[in-house]
1. Which members of segment 6-28 meet the condition of being assigned to a strand (DSSP E or B) and of a type outside the set (Val, Ile, Thr)?
2. Quick one: how many residues across segment 11-59 are within 16 Å of the chain's Cα centre (by Cα) and surrounded by fewer than 18 Cβ atoms within 10 Å (Cβ to Cβ)?
3. Of all the residues that make up segment 43-77, how many are among the β-branched types (Val, Ile, Thr) and at pLDDT 90 or above?
4. I need the full set of residues from segment 29-42 which are modelled with pLDDT under 90 and not in a strand (DSSP E or B), in order please.
5. All but one of (1) within 17 Å of Gln15 (Cα to Cα); (2) β-branched (Val, Ile, Thr); (3) out of contact with any helix residue (DSSP H, G or I) (no Cβ under 9 Å at 6 or more places or on another chain) hold for Ile71, so report the exception by its number.
6. Pro70 - would you say it is part of a loop (DSSP other than H, G, I, E, B) and crowded, with 16+ Cβ neighbours inside 10 Å?
Amino acid sequence: MPQKSDDTVHILEGQATLFQRPTSPVWHVRFKVHGKWERQTTKCEDLADAKQRATDMVIDARFKEKHSLPIVNKRVKSVGKLAIRRLEGLIATGRRVYRVLCKRDGDQSLGILPSN
């Protein structure tokens, strides 16, 4: 097992790790959601404040994961993935779903057509 760094603290029984980057006094948190590692800044320099903020961030991410919401909403890509997951869920339950298509600059992207 690798040696734990002095700038690393485990919280929530090891579900998340607080760490500091060498060039920053701010604490960051990393945790696994949807099978991928997520990293976010706590924007806190004090360890106690960073622990509280990181705990809130992890709990919020778990809630979003449970309800199939995007964890971080920085890009249109995450909104698109959420829409695809919701449509796949509707198809799995047998509900009628509309296919979304349209032509923009030679690509097919968004628009509405009834599904078959």
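The values are calculated or read from the model by the stated rules, or taken from the named source; none is laboratory data. Remember, predicted model here, so these are calculated numbers, not experimental data. Positions of Cβ are backbone-derived with ideal geometry, glycine not excepted, and every protein chain shown enters the neighbour counts.
1. Once the filter is applied, which keeps residues that are assigned to a strand (DSSP E or B) and of a type outside the set (Val, Ile, Thr), segment 6-28 yields His10, Ala16, Leu18, Phe19, Gln20, Trp27, His28.
2. Of the residues in segment 11-59, 15 are within 16 Å of the chain's Cα centre (by Cα) and surrounded by fewer than 18 Cβ atoms within 10 Å (Cβ to Cβ).
3. The number of residues fulfilling the criteria is 3.
4. Matches in segment 29-42: His34, Gly35.
5. Result: Ile71 fails condition (3) only.
6. On the way: part of a loop (DSSP other than H, G, I, E, B): yes; crowded, with 16+ Cβ neighbours inside 10 Å: yes.
Yes.
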